[in-house]
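A.B. asks: First the structure, which I've put down as structure tokens, then a few questions once you've had a look.
The values are calculated or read from the model by the stated rules, or taken from the named source; none is laboratory data. Since we're looking at a predicted model, the values are computed, not measured. Note that we place each Cβ from the backbone using ideal geometry, even for glycine, and neighbour counts take in every protein chain shown. These accessible areas exclude ligands, DNA and RNA; they are computed on the full protein's heavy atoms, side chains included. Shrake-Rupley method; radii C 1.70, N 1.55, O 1.52, S 1.80 Å.
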Amino acid sequence: MVQVKKICCIGAGYVGGPTCSVIAQMCPGVMVTVVDVNEDRIQAWNSDSLPIFEPGLQEVVESCRGVNLFFSTDIDSAIQDADLVFISVNTPTKTFGIGKGRAADLKYIEACARRIADVSTGCKIVVEKSTVPVRAAESIRRIFNANTKSTLSFQVNPSFLQLKICCLTMSVLSNPEVLIGGDESPEGQCAIEALRGIYQHWVPKDKIITTNTWSSELSKLAANAFLAQRISSINSISALCEVTGADVEEVAHAIGTDQRIGSRFLKASVGFGGSCFQKDVLNLVYLCEALNLPEVARYWQQVIEINDYQRQRFSSRIIGCLFNTVTDKKIALLGFAFKKNTGDTRESSSIYISRYLMDEGARLHIYDPKVKKEQIIQDLSQPTLSHGEDAQRVSQLVTIATDPYSACENAHAIVICTEWDMFKELDYERIYKAMLKPAFIFDGRRILDSLHDQLQHIGFQVETIGKRVSQRIPFTGSNEISKPEQLLPSKKLKQ
């Protein structure tokens, strides 16, 4: 078996940085070097202010950095010295050309493969850590085969952490389930064993699954698609609950007690976010279309459409409750990360809800305890999300607050988009006194359920996902329907 003594990870983002930090901590005899073309990012990894927030990450990095964990921009030297190379670069959804809006853009993967082939000597194990479409490993292998020198050999192995959640949190990295794919040839099996040897420093044998290359790639897409499907399923039920008087939390609990279903990922919310779910489902849709499986493609496309619908429906509910207009009204948006305990905003529902409210002219005051102002402005200024004048529009309509109380002062409504624990502990009497009346709270994460009676006693009008909390009177005529109901198909409504 190949003894791995040196690892190079290309890509110092949300996958490469935390994963290799844990590897360095768990494998003190292995030298780990994380490289990136982004000098600012590498400088941040070498500083006291890391570019990524995850609970426990700072302590892990500080314990290993300069010992057997290094961050560098010298990519070629790190590749040359390494026995094993992780490819952990971004694989975004294509924004133009064939497959626009669905297919994964593999230009960074290809660039890495060509660079590895160009500077390498000897034997290298190359591991895909990025989420990639099925048969991406074959593309990498073809590049290697076309550029390999006589003294050079490669083995390409997809390797994924089979996570119960999309984001690589430190607690999950410390106790993961690992999926390793590889060729069934003797060389491929040797590479699998070498990679297994790294993970076995802290992962039990029965939690390391090995498959052939293609099964491992498809398994990662399928796993994220199934998790996203569960979220969209319970969110679709939440819409039904709001118009029937049922409580989606009670429904989720009831069906979750059925062992055939289970309780995980049955939490209704404003929709799923993060880098994996939407990208991987869209990738799966494109794959099915390319392989002439249109019925399968349409099935998985519905998972994305329900997620979009949930965000639009929640935004329309805010507008409807605020008398059908939010123009020039101050709205406090609490939480911008896609989930609590992270600074990751990729595909966060907060971005889309902000966009919908900005399109109606709302003045947003946004607070998140871990997302930097520059990141929020950048996310809301993306040309694919807003109008052509987005940068100027964002500066006019968006204010980044330094604390939740200033965000809520003189606001018409509070919108909770991320389930940060601190939002359960705010002084809501103080907040209510400083708001315009009637004062609304829109709980998009169901974190205030235990406070509903208290909030209503204070004077708040409370609205939440999947439940009728209080009788609201939307600003409509006697023969009209409220805004949220208008989003339902007309044939479902009793006229």
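A.B. asks: Whole number please: convex hull volume per residue of the Cα set in the range 273-332, in Å³?
C.D. replies: 103 Å³
A.B. asks: Any idea how far apart residue 63 and residue 212 come out in nm if each label point goes 7 Å out from Cα toward Cβ?
C.D. replies: It is 4.1 nm.
A.B. asks: Please state, rounded to one decimal and in Å, the Kirkwood hydrodynamic radius that the chain gives when every pair of distinct Cα atoms enters the mean of 1/r.
C.D. replies: Evaluated on the chain, it is 24.3 Å.
A.B. asks: Still on this structure, please answer the following. Translational diffusion coefficient, Stokes-Einstein: compute it for the range 221-329 using the Kirkwood radius over C-alpha pairs as Rh, at 37 °C and 0.692 mPa s, and state it as an integer in µm² s⁻¹.
C.D. replies: 215 µm²/s
A.B. asks: How about the range 77-128: which trypsin sites (Lys or Arg not before Pro) there lie in a loop by DSSP and see at most 13 other Cβ atoms within 10 Å?
C.D. replies: Within the range 77-128, the qualifying trypsin sites (Lys or Arg not before Pro) (loop, at most 13 other Cβ atoms within 10 Å) are 100.
A.B. asks: Once the piece of chain linking residue 123 and residue 95 is laid out straight, how much longer is it, given 0.36 nm per residue of separation minus the C-alpha distance between them?
C.D. replies: Roughly 6.5 nm would be gained on extension.
A.B. asks: Less than 14 Å Cβ to Cβ from residue 23, Lys/Arg counted +1 and Asp/Glu -1: what total charge do the surrounding residues give?
C.D. replies: After counting each charged neighbour, the total is +4.
A.B. asks: What is the Rg over Rh value, at two decimals, for the range 1-130, using alpha-carbon atoms and the Kirkwood definition of Rh?
C.D. replies: 0.99
A.B. asks: Counting only GluC sites (Glu not before Pro) that are in a DSSP loop and have at most 15 other C-beta atoms within 10 Å, tell me the longest site-free stretch of the chain.
C.D. replies: For GluC sites (Glu not before Pro) (loop position, at most 15 other Cβ atoms within 10 Å), the longest site-free span of the chain is 185-388.
A.B. asks: Taking every pair of alpha-carbon atoms in the range 305-464, what share in percent sits in each 5 Å bin, from 0 to the bin with the longest distance?
C.D. replies: 2, 9, 20, 24, 23, 15, 6, 2, 0
A.B. asks: Compute, for the chain, the length of the dipole vector about the Cα centre, with Cβ point charges of +1 (Lys, Arg) and -1 (Asp, Glu) only. Units Debye, rounded to 20.
C.D. replies: 840 debye
A.B. asks: Helix-derived [θ] at 222 nm for the chain: sum -39500 (n - 2.57) over DSSP H runs of at least 4, divide by residue count, nearest 500?
C.D. replies: Computed ellipticity for the chain at 222 nm equals -13000 deg cm²/dmol.
A.B. asks: Sorted by average packing, counted as other Cβ atoms within 10 angstrom per residue and highest first, what order do 2-9, 202-209, 258-265 take?
C.D. replies: The packing order, highest mean first, is 2-9, 202-209, 258-265.
A.B. asks: Right, here's the next one. Can you give me the relative contact order of the chain as a percent, contacts being Cα pairs under 8 Å and 6 or more apart?
C.D. replies: It rounds to 12 percent for the chain.
A.B. asks: What is the set of long-range amide H partners of residue 9 at a cut-off below 5 Å, with H atoms built 1.01 Å from backbone N?
C.D. replies: When sequence neighbours closer than 5 places are left aside, the close amide H contacts are 33, 34, 35, 86.
A.B. asks: If you count only protein heavy atoms with a 1.4 Å probe, what accessible area per residue comes out for the chain, rounded to a whole Å²?
C.D. replies: 45 Å²
A.B. asks: Work out how far the C-alpha atoms of the range 388-428 reach from end to end along every principal axis, then list the three figures in whole Å, largest first.
C.D. replies: Principal axes ranked by extent give 39, 22, 18 Å for the Cα atoms.
A.B. asks: What's the long-distance tail for the range 33-81, i.e. % of Cα pairs beyond 17 Å?
C.D. replies: 34 percent
A.B. asks: Could you count how many Lys pairs in the range 214-372 have their Cα atoms under 21 Å apart, skipping same-chain pairs fewer than 8 positions apart?
C.D. replies: Lysine pairs meeting the criterion: 12.
A.B. asks: Further question on the same structure: Explain nothing, just compute: Karplus ³J(HN,Hα) = 6.51 cos²θ - 1.76 cosθ + 1.60, θ = phi - 60°, for every residue of the range 263-271 in order, whole Hz, x for Gly and Pro.
C.D. replies: 9, 6, 6, 10, 9, 5, 7, 7, x
A.B. asks: Percent of accessible area on the chain owned by carbon and sulfur, 1.4 Å probe?
C.D. replies: Heavy-atom surface of the chain belonging to carbon and sulfur, 1.4 Å probe: 50 percent.
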